[in-house]
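See below for the structure under consideration.
The values are calculated or read from the model by the stated rules, or taken from the named source; none is laboratory data. Here the structure is a predicted model, which means the values were calculated and not measured. Note that each Cβ is placed from the backbone with ideal geometry, even for glycine, and that neighbours are counted across all protein chains shown. Protein only, heavy atoms only, side chains kept; ligands, DNA and RNA dropped before computing areas. Shrake-Rupley method; radii C 1.70, N 1.55, O 1.52, S 1.80 Å.
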Amino acid sequence: MEVQRVQAVANSLSLATGTIPAEFVRPQQEQPAITTFRGPVPEIPTIDLGDPDQENLVRSIANASKEWGIFQVVNHGIPTDIISKLQAVGREFFQLPQEEKEVYARPSSSQSIEGYGTKLQKDLDGKKSWVDHLFHKIWPQTCINYEFWPKNPPSYREANEVYAKYMREVAAKLFESLSLGLGLERHVLKEAAGGEEIEYLLKINYYPPCPRPDLTLGVVAHTDLSAMTILVPNHVPGLQVLKDEHWIDAKYIPNALIIHIGDQIEILSNGIYKGVLHRTTVDKEKARMSWPVFLEPPTECVVGPLPQLVNEANPPKYKVKKFKDYAYCKLNKLPQ
């Protein structure tokens, strides 16, 4: 059965009609027009990763991860043109004719989520999200399957490889700061999440223009099952986070990276750091895109609260389990 892509649905609708297919209309308690908070809100923390005061940097990252589970970083060391090239080749892929994109479609029999696709999580109420995506791993080399890397545009591979090289340096710095922020040695958190075997999974989200952005969502509310997510947005806002029971918009900061604490770091820290509940809205006139990289433990890696953070006063709050089992339960909406 051929899967209908959201981009094709969007192209078939006139923005003037003011309607979208019923399966994209979210229940009222999820509709962004009703649930987005319009009052004065605190801003998601922005952190200067080039701060020469290391203690201040560690403290800022730890506080943001405890109180928000999300922060933006500037002066991160990835040159602007490297990010621009990553965005340009991703944009060009989604502008290809539909049949050319389908060459990279995730096989229906695949156990992996890599490839071009539309549906990801099991949706218990049969609703659909207003997004298409492309998933593929960008590191380590042994995990990469180039079958899912577009050959068109021709510069796609180089742009992604160069971005991956720089982005790994940012990830290393973040892991060290997060580890120090827990009072641990700088290497502990990364090693517990898989060390050099951590898998870097890139996702390109493509949210086409939508006649009724007030009724639908690009991605429904969720926390990331990764250890950490490093995201490049485009200029069209849409990311929202739940803070103090309010859905608030993330401000777009040119050339900043958005860092999400994922479930695995929340588990390793025994709940000291919080995974952020977030969702994505869409735009009436413009396509929104984002490039998250999910830093995931290898499938057989066993993740649980770090023993250094557990004692009689702070018993473990999470089960110890293999990452593949955690991911299976999460994607299939089963209890952990």
remark   = In a Gaussian network model of the chain with springs linking alpha carbons closer than 10 Å, the residue among A193, A164, A313 that fluctuates most is A313
message = Please report the accessible area of W247 (heavy atoms, 1.4 Å probe, ligands and nucleic acids excluded) in Å², nearest 10.
response = 30 Å²
query = Taking H as built 1.01 Å from N, whose amide H comes closer than 5 Å to the amide H of E199, not counting residues under 5 places away?
reply = E296
request  = Compute the long axis of helix 156-181 from its Cα atoms, compare it with the longest principal axis of the Cα atoms of the chain, and write down the angle in degrees, 0 to 90, nearest 10.
outcome  = 40 degrees
inquiry  = With +1 assigned to the C-beta of every Lys and Arg and -1 to the C-beta of every Asp and Glu, and no other charges, what is the dipole magnitude of the chain about the Cα centre in debye, to the nearest 20?
reply    = 640 debye
key: Of I83, V73, Y116, farthest towards positive along the dipole that unit charges on Lys, Arg, Asp, Glu beta carbons give the range 3-129   = Y116
remark   = Ordering R279, R91 by the accessible surface of their heavy atoms, 1.4 Å probe, largest first, yields R91, R279
key: Farthest positive-ward along the chain dipole, Cα basis, beta-carbon charges - from P307, Q31, I265   = Q31
Protein accessible area in the chain, 1.4 Å probe - carbon and sulfur % = 53 percent
query = By a straight-distance test (C-alpha under 28 Å), which lysines pair with K284 as possible cross-link partners, with residues fewer than eight away in the same chain excluded?
reply = K85, K101, K119, K122, K127, K128, K203, K243, K251
remark   = Shape call for the range 57-165, from the Cα gyration tensor axes a ≥ b ≥ c (a/c under 1.5 means rounded, otherwise prolate when a/b beats b/c, else oblate), comes out oblate
query = Could you give the accessible area per residue of the range 229-307, probe 1.4 Å, as a whole number in Å²?
reply = 32 Å²
key: Inter-probe distance in nm under a simple model that places probes 7 Å from Cα toward Cβ, at K330 and E169   = 2.8 nm
Förster-model FRET efficiency, 30 Å R0, T142 and V220, C-beta, rounded to 0.05 = 0.35
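Can you give the percent of C-alpha pairs in the chain whose distance is more than 34 Å? Write down the numbers at each step before the final one.
Working: 12093 of 56280 pairs.
Across the chain, Cα pairs with separations above 34 Å total 21 percent.
Once the piece of chain linking D244 and F37 is laid out straight, how much longer is it, given 0.36 nm per residue of separation minus the C-alpha distance between them? List each step's numbers first, then the result.
Values: separation 207, 0.36 × 207 = 74.52 nm, distance 1.07 nm.
Length gained between D244 and F37: 73.4 nm.
Over the range 60-151, calculate the relative contact order: mean separation of alpha carbon pairs under 8 Å at least 6 apart, over the residue count, as a percent. Display every interim value, and only then the final one.
Numbers: 59 pairs, mean separation 17.1, N = 92.
Answer for the range 60-151 is 19 percent.
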Accessible surface ranking that places the most exposed of E196, E191 first, with a 1.4 angstrom probe = E196, E191
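Would you list H133, H246 from the most to the least accessible area, probe 1.4 Å?
Details: H133 10, H246 70 Å².
Putting H133, H246 in descending order of accessible area: H246, H133.
Under the rule a/c < 1.5 gives rounded, and otherwise a/b versus b/c splits prolate from oblate, where does the range 199-301 land using the Cα gyration tensor?
Verdict is prolate for the range 199-301.
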ask   = If you plug each phi of the range 53-68 into the Karplus form 6.51 cos²θ - 1.76 cosθ + 1.60 with θ = phi - 60°, what whole-Hz ³J(HN,Hα) values come out, in order, with x for Gly and Pro?
value = 7, 4, 5, 5, 4, 4, 4, 5, 5, 5, 4, 4, 6, 7, 8, 10
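With only Lys, Arg, Asp and Glu charged, each at its Cβ (+1 for the first two, -1 for the last two), find how big the charge dipole of the range 104-189 is about the Cα centre; round to the nearest 20 debye.
Details: 12 positive and 10 negative charges, 31 e Å.
Using only the charged Cβ atoms, the result is roughly 140 debye.
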